[in-house]
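Here the structure is laid out as structure tokens; the discussion comes afterwards.
The values are calculated or read from the model by the stated rules, or taken from the named source; none is laboratory data. As the structure is a computational prediction, the values presented were derived from the model and not from experiment. Backbone-built Cβ (ideal geometry, glycine too); neighbour counts: all protein chains shown.
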């Protein structure tokens, strides 16, 4: 075997893989198509719903004799010291290679949604916080750091980023998304992919596609999105991350759309993804997703039939462990009910990726390259910067913030003194350690209470919890209200507890009926406001909550979306004034808890009007965020307002910091299409740029708009640019317009192909 062509790194990958496939038995080929989840529980509170039923029994020695496609979450299943875990993974890989005829190791994959989900690894802010930064270069750096950590312990593939666009914020997994706008999701997600891939890690885009559009915001519920919503809102982030980010894997979503499950949809996974977009990587199932074709969707009558439908659609790898692609698939091929060519097609893709990763080479190296430190000083500094940029100052009407250094502060609320308040559901402490209560977190996570005391050492800070996150107990109200009444200011720290499948108020399977604050937190806030003492509301959440009930009653409102292990110091820095807040909302904050679902991407009939008594206008719009300094937008100008349907337009302005401290402004560009052949969102984001400026400093900023960015899906299903009037709006948010350029597009309707332009280029100069 050592002299076979498939071992020769000088040959093209396709030639090597073709030679290898010709030597493999059917069993050896199918073995490349599934993962094994060693150590995963099959009963008790640790398991996901249906996990026990979806896990087949196997004999490890017998299994690896055939080879193995994937190893599932060696680090993310139970607490393990990272250095010891790296050694254990290397031993497992050597065993796998030694057992099979071809000596090929598995692809090891892990979750990396908000950092490497491993004990002792940096817990970064959740993706919704990435969206709040409006800072793609910073998120690319994040992806690179996470990728290097994964590689340092022998991991090859990361199951991230989530590119679902929020359609209903009641959905439990909002914290995992980047926001409610496809352009923001696409640009931030693509940056993360570039960072991860630059470190040699296979980035896996999920969940493809439509998962976040579930009816009633229920996890795994059917999706009833129309053709245009799917094409113009759901798909663009994936297209951008594949074309511009170079992602090498895609995860098929759990959901069905119009009766067709994603894992059994060849139009989605083959015709669109591969034929139209040119994707050549691997498609993996979401965990147990292939088995769900039989048990949940009921479009298959057996594991073998589920395997057939998934392979035919284009799912190459079954995760997290074998159920359908093992013996049931082999038997079906032997019986002639599943063509072996489908197995060959999937195995070829898997082996091509292994070839790219060097796993077909004789000298592949399973050992870690050096010392393992998954929470380095550099990681923590990056986590701090990301957290600081993501904090959004929603309101500060009378300048209560920053807090005075020597003031009397009462801190209250269920999130103030709990380190887990900083973390989302896919952080290791929230995801795994809840089942191991005797194991320490593995990383230092300062609480907001401790951070505020450190930040303001001369202030007199007292604390009373007041209430829990979701329980109905009000017995703590009295003490908290009494302490607040004695203070100069009350800092109320409210929000979510991340968890899984109903064990939290935010997270996978933690959907909500409406957008009221969890538990009795709303009533607690009423009691605090009733004291007459100024209240600063700090929200540590995984989704937006309705705040109209307290509009005009609060001294200030600060929003942080699970800001990670350095979130406490970051939020405290905003409260003290050490940090000038620069985050912007990646999701709208509603005024009332009902009237949902609603995002800002609404056509005219989705906006407030006389035809309904329900006003869906948000309290704080998408893109909103305040600062402790001020900015002037000056000298706005544009080029010739008449352009062809294949033309471009430049608009420029000068942004000046007119305040007395450093700050960052986020200039946002929105498109308004007054008349189109189908209804369009009233406004939608097509560009943005983050500018950091010192006092008195100014920068000239130019946006270069191409008409491709005005395209949409017409009645025939084609993506078109139509002639007619357009407006380009430079704005502070989707609702706060500073300058407008009026354009006229001339010429014929233009139909766009897969090579269309996906982003608005920006340029800044002195």
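Tell me, please, whether a residue that is without any contact (Cβ under 8 Å) to a residue 40 or more places away in the chain and more than 17 Å from residue 556 (Cα to Cα) can be found in segment 523-538. No, segment 523-538 has no match at all.
For segment 195-205, what are the residues that are surrounded by 24 or more Cβ atoms within 10 Å (Cβ to Cβ) and in contact with a strand residue (DSSP E or B) (Cβ under 7 Å, 6 or more places away or on another chain)? Correct list: 196, 201, 202, 203, 204, 205. Where residues in segment 250-271 are in contact with a strand residue (DSSP E or B) (Cβ under 8 Å, 6 or more places away or on another chain) and in a loop (DSSP other than H, G, I, E, B), which of them is modelled with the lowest pLDDT? Residue satisfying both the conditions and the ranking: 258.
Based on what the data block shows, is residue 246 surrounded by fewer than 21 Cβ atoms within 10 Å (Cβ to Cβ) and touching a strand residue (DSSP E or B) at 6+ places or on another chain (Cβ under 9 Å)? Walk me through how you get there before you give the answer.
Values: surrounded by fewer than 21 Cβ atoms within 10 Å (Cβ to Cβ): yes; touching a strand residue (DSSP E or B) at 6+ places or on another chain (Cβ under 9 Å): yes.
Against the criterion (surrounded by fewer than 21 Cβ atoms within 10 Å (Cβ to Cβ) and touching a strand residue (DSSP E or B) at 6+ places or on another chain (Cβ under 9 Å)), residue 246 qualifies.
The rows are residues; the columns are (1) modelled with pLDDT of 95 or more; (2) closer than 26 Å to residue 476 by Cα.
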residue: 392; (1), (2): yes, no
residue: 395; (1), (2): yes, no
residue: 414; (1), (2): yes, yes
residue: 417; (1), (2): yes, yes
residue: 420; (1), (2): yes, yes
residue: 431; (1), (2): no, no
residue: 449; (1), (2): yes, yes
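Sort out which residues of segment 679-691 are farther than 17 Å from residue 131 by Cα and touching a strand residue (DSSP E or B) at 6+ places or on another chain (Cβ under 7 Å), and write them in order of number. Answer for segment 679-691, where residues must be farther than 17 Å from residue 131 by Cα and touching a strand residue (DSSP E or B) at 6+ places or on another chain (Cβ under 7 Å): 680, 682, 683.
Would you call residue 387 under 22 Å from residue 440 (Cα atoms), under 24 Å from the mean Cα position of the chain (by Cα) and part of a helix (DSSP H, G or I)? Steps first, answer last, please.
Values: under 22 Å from residue 440 (Cα atoms): no; under 24 Å from the mean Cα position of the chain (by Cα): yes; part of a helix (DSSP H, G or I): yes.
No: the conditions fail for residue 387.
Of all the numbered requirements in (1) surrounded by fewer than 24 Cβ atoms within 10 Å (Cβ to Cβ); (2) more than 30 Å from residue 582 (Cβ to Cβ); (3) touching a strand residue (DSSP E or B) at 6+ places or on another chain (Cβ under 7 Å), residue 110 misses one, and that requirement is (1). Residue 374 passes every criterion in (1) assigned by TED's automatic domain parsing to the domain that holds residue 529; (2) part of a loop (DSSP other than H, G, I, E, B); (3) at pLDDT 95 or above apart from (1). Against the conditions (1) under 28 Å from residue 753 (Cβ atoms); (2) modelled with pLDDT of 95 or more, residue 293 satisfies every one except (1).
Within segment 62-87, how many residues turn out to be touching a helix residue (DSSP H, G or I) at 6+ places or on another chain (Cβ under 7 Å) and more than 26 Å from residue 431 (Cα to Cα)? Residues meeting the conditions: 5.
Taken together, the residues in segment 618-646 that are under 33 Å from the mean Cα position of the chain (by Cα) and crowded, with 17+ Cβ neighbours inside 10 Å amount to 14.
Test residue 187 against the criterion of being in contact with a strand residue (DSSP E or B) (Cβ under 9 Å, 6 or more places away or on another chain) and not in a helix (DSSP H, G or I), and give yes or no. Show your work before the answer.
Numbers: in contact with a strand residue (DSSP E or B) (Cβ under 9 Å, 6 or more places away or on another chain): yes; not in a helix (DSSP H, G or I): no.
No, not satisfied.
Within segment 375-412, if we keep just the residues that are farther than 14 Å from residue 489 by Cβ and touching a strand residue (DSSP E or B) at 6+ places or on another chain (Cβ under 6 Å), the residue that is surrounded by the most Cβ atoms within 10 Å (Cβ to Cβ) turns out to be 391.
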